[in-house]
1. Among the residues of the stretch 67-85, write down those that are open to solvent by 60 Å² or more (accessible area, probe 1.4 Å) and either under 28 Å from Arg146 (Cβ atoms) or charged (D, E, K, R) (or both).
2. Kindly provide the set of residues from the stretch 91-129 that are open to solvent by 60 Å² or more (accessible area, probe 1.4 Å) and acidic (Asp, Glu), ordered by number.
3. When you go through (1) open to solvent by 40 Å² or more (accessible area, probe 1.4 Å); (2) in contact with a helix residue (DSSP H, G or I) (Cβ under 8 Å, 6 or more places away or on another chain); (3) part of a helix (DSSP H, G or I) one by one for Lys88, which number turns out not to apply?
4. For the stretch 172-196, give me the residue count where each residue is surrounded by 13 or more Cβ atoms within 10 Å (Cβ to Cβ), of a type outside the set (Val, Ile, Thr) and modelled with pLDDT of 95 or more.
5. For the subset of the stretch 165-190 comprising residues that are touching a helix residue (DSSP H, G or I) at 6+ places or on another chain (Cβ under 6 Å) and part of a helix (DSSP H, G or I), which member is farthest from Ser114 (Cα to Cα)?
6. What tally of residues in the stretch 9-22 results from selecting those that are farther than 13 Å from Lys53 by Cβ and in contact with a Ser or Thr (Cβ under 9 Å, 6 or more places away or on another chain)?
7. For Arg64, only one of the following conditions fails: (1) under 18 Å from the mean Cα position of the chain (by Cα); (2) open to solvent by 80 Å² or more (accessible area, probe 1.4 Å). What is its number?
8. Name the single residue that is most open to solvent (accessible area, probe 1.4 Å) among those in the stretch 11-39 being touching a residue at least 12 places away in the same chain (Cβ under 8 Å) and assigned to a helix (DSSP H, G or I).
Amino acid sequence: QWFALWGATRIETDTEQKIVEFLDQHGVSRNSWRDLLDGLVSTGLMRNWGVGKRYYAVEPLIVRQHVLSDWLLTQDNGDYAASQAGRKLVSDVLAGSIPLQDSVLQTLSQLARSRLDGSDALIFLKPVFAVLTNTASEGDLLQQHRVVDLVKRMGAADPEGALDILTTIREHPKPDVVLNIAPWGSQTLVHGALVGKLPWLMFQMAEQVTDV
């Protein structure tokens, strides 16, 4: 379930510790998780590839969608809605208790777009967009950049909610932030530059919505 939620997962030193600790808390022991992954790969339910065999993903897509739908949605006469487990997962993600948050939010957005009708998708993702809107208003410029990145991943699932977030960023200018980035030295982030990128982002979201 968790690897279906995370999508294509690169197991590196920094992410491995977080994943191992998280899986251990959810019934997969530190000593067996690799064996479990290898077993899923051998049965064809997961793919393992890349340099050093660091990437894992539940494939094919139809299997991943089935796992996620069975876990996070309910079905009645072909119509899907968020299950109690799905609503709890959204709360856990927003609480920061699930690793690889970006990947999780992108997966939830894709699941909502593919399986839920418009109103149910909005209800499912409403808590996420509410937090992003508040962060866009109350956070600093770095947090606004982070919000924009998440809107890129999720905005097509709720275009109106995404537009509200981007409007909030435009209407809430923040002080410049100076970053020291090796080896290039200092870089200054300016609110106006971020706002200048928003029209193109809105155009990209509109294309995604049209393609659905």
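1. Asp70, Asp76, Asp79
2. Asp117
3. In the conditions (1) open to solvent by 40 Å² or more (accessible area, probe 1.4 Å); (2) in contact with a helix residue (DSSP H, G or I) (Cβ under 8 Å, 6 or more places away or on another chain); (3) part of a helix (DSSP H, G or I), Lys88 misses (2) alone.
4. Total satisfying the criteria: 5.
5. Step by step, filter the stretch 165-190, then rank; the result is Arg170.
6. Qualifying residue count for the region: 3.
7. The failed condition is (2).
8. Filtering the stretch 11-39 for residues that are touching a residue at least 12 places away in the same chain (Cβ under 8 Å) and assigned to a helix (DSSP H, G or I), the one most open to solvent (accessible area, probe 1.4 Å) comes out as Lys18.
The values are calculated or read from the model by the stated rules, or taken from the named source; none is laboratory data. Computed from a predicted structure; not experimentally measured. No Cβ is skipped: glycine too gets one built from the backbone with ideal geometry, and neighbour counts run over all protein chains shown. For accessibility, only protein heavy atoms count, side chains too; no ligands or nucleic acids. Shrake-Rupley method; radii C 1.70, N 1.55, O 1.52, S 1.80 Å.
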